[in-house]
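The values are calculated or read from the model by the stated rules, or taken from the named source; none is laboratory data. Quick caveat, the model's predicted, so the values are computed rather than measured. Neighbour counts run over all protein chains shown; Cβ positions are idealised from the backbone, glycine included. Just the protein is used for accessible areas: all its heavy atoms, side chains included, with ligands, DNA and RNA removed. Shrake-Rupley method; radii C 1.70, N 1.55, O 1.52, S 1.80 Å.
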Amino acid sequence: MQTAYCFIDLADSRTRFTEQAQTLQLLQHFADTLNHHFPALLTPFAIKDGDGLLGGFSADDQAQIVDIYPFCNAYLKSDAFQTFWQTHFAGLAEPTFYFGVGLGTMTTPSPSDYQDINRVNGTAIVNALAAADQAKLLRQGAELAQGYPFMTTAFQFQLVADQPAANGINALFYLIYEQLLNTQLRKDAFAEIVLQPTLKRYELAELLWTKYGVASYELDYSDQKGRALASSKVSRLLSQIQYPLIEQTLATLRAQLVAFKAVVE
């Protein structure tokens, strides 16, 4: 059975928190959030090995990797996460993760076991764990044939697949998150678009001022001229980050994952 699994490994978990209970609290919060936003999971996210999360999609749903990775990065900017973090971990640096994706097979014989991370097995799971390890090595400066080091992004992406044709996905996510979104302002703006895709441009501009404190967006949003100026500023920003190219690249990623499923079948 073809599947796609994600292993989300908390970086520096043993030095970041003084107690294991804090690590588990953070990971459980993420697991609950991801399971709520992605209800079609074959295996819901659950804590694995004490410092990571494992969850998986069926082959029919594996293109949702293109949604779950941007969501994870954007969620760190959300009001929900910021409230959670300030309530429980105020004063600590926000977390970073290794985001390993494995494409392959699952050999667990019984569908009744699919929802238990301790019962699922197969190359998809092995590949996901290996991908997270590779993301860590890349972050540390290692050179890997298929690797791209995500040095400025909170979730460092890496994909390992049974079939090498899928490894180009690493390059496309790297293009978006390390090349096009190469400043904090660009990352923050894109995160808000992911969290609230129906935002008007002047509303995004207002968030960049009120939430992120970007002085150039401090305008009179109660005034029509102020909103028009704000919209113009955001239009320039979206042009600078080549937002149409980002949308096209995400569409290409989805198409590749769908095509990859057809090839392996």
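Overview of values
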{"read-out": "Contour minus Cα-Cα distance for Ser232 and Asp67 (0.36 nm per residue)", "value": "56.6 nm"}
{"read-out": "FRET efficiency, Gln242 to Ala90 (Cβ-Cβ, R0 41 Å, nearest 0.05)", "value": "0.65"}
{"read-out": "Carbon/sulfur fraction of accessible area - the chain, other protein chains in place, 1.4 Å, %", "value": "50 percent"}
{"read-out": "Surface accessible to a 1.4 Å probe, per residue, for the residues of the chain, Å²", "value": "46 Å²"}
{"read-out": "Relative contact order, percent, the range 135-178 [alpha-carbon distance under 8 Å, six or more residues apart]", "value": "36 percent"}
{"read-out": "Of Lys187/Lys225; Lys48/Lys77; Lys48/Lys261; Lys48/Lys187; Lys136/Lys233, pairs whose Cα-Cα distance is over 31 Å", "value": "Lys136/Lys233"}
{"read-out": "From phi via Karplus (6.51, -1.76, 1.60), per-residue ³J(HN,Hα) for the range 255-261 in Hz, x at Gly/Pro", "value": "5, 5, 5, 5, 5, 4, 4"}
{"read-out": "Stokes-Einstein D in µm²/s, Kirkwood radius over Cα pairs - the range 57-189 at 10 °C with 1.306 mPa s viscosity", "value": "98 µm²/s"}
{"read-out": "Diffusion constant of the range 9-77 at 10 °C, which comes from Stokes-Einstein with the Kirkwood Cα-pair radius and 1.306 mPa s, µm²/s", "value": "124 µm²/s"}
{"read-out": "For the range 102-181 versus the range 190-255, the gap between their alpha-carbon centres in whole angstrom", "value": "30 Å"}
{"read-out": "Thr33, Thr87, ranked by accessible area, largest first (probe 1.4 Å)", "value": "Thr87, Thr33"}
{"read-out": "Separation in nanometres of the label points that stand 7 Å from Cα toward Cβ, at Asp220 and Asp133", "value": "6.2 nm"}
{"read-out": "Distance histogram for the range 153-265 (every C-alpha pair counted, 5 angstrom bins, percent rounded to whole numbers)", "value": "2, 11, 19, 19, 15, 11, 9, 6, 4, 3, 1, 0"}
{"read-out": "Simple spin-label estimate for Thr83 and Gln184 in nanometres, 7 Å along Cα-Cβ", "value": "2.5 nm"}
{"read-out": "Magnitude of the charge dipole, the chain, Cβ model with Lys/Arg +1 and Asp/Glu -1, debye to 20", "value": "600 debye"}
{"read-out": "Overall Cα dimensions of the range 69-113 - principal axes, largest extent first, Å", "value": "46, 21, 17"}
{"read-out": "Extension gain from Thr210 to Gln115, taking 0.36 nm per residue of separation minus the Cα-Cα distance", "value": "30.1 nm"}
{"read-out": "Per residue Cα convex hull volume in Å³ - calculated over the range 56-130", "value": "126 Å³"}
{"read-out": "Among Asn35, Asn73, Asn127, residue whose mean-square fluctuation peaks in a GNM of the chain (springs only between Cα atoms under 10 Å)", "value": "Asn35"}
{"read-out": "Expected 222 nm ellipticity per residue - DSSP helices of 4 or more, -39500 (n - 2.57), all of the chain, to 500", "value": "-15500 deg cm²/dmol"}
{"read-out": "Listed values [x] 20.6, 90; [y] 19.2, 63; [z] 18.2, 58, entry calculated as Rg and Dmax of the Cα atoms in Å", "value": "[y]"}
{"read-out": "DSSP beta bridge pairing in the chain, given as percent antiparallel to the nearest 5", "value": "75 percent"}
{"read-out": "Stretchable slack from His37 to Met151, in nm (0.36 nm times residue separation minus alpha-carbon distance)", "value": "38.4 nm"}
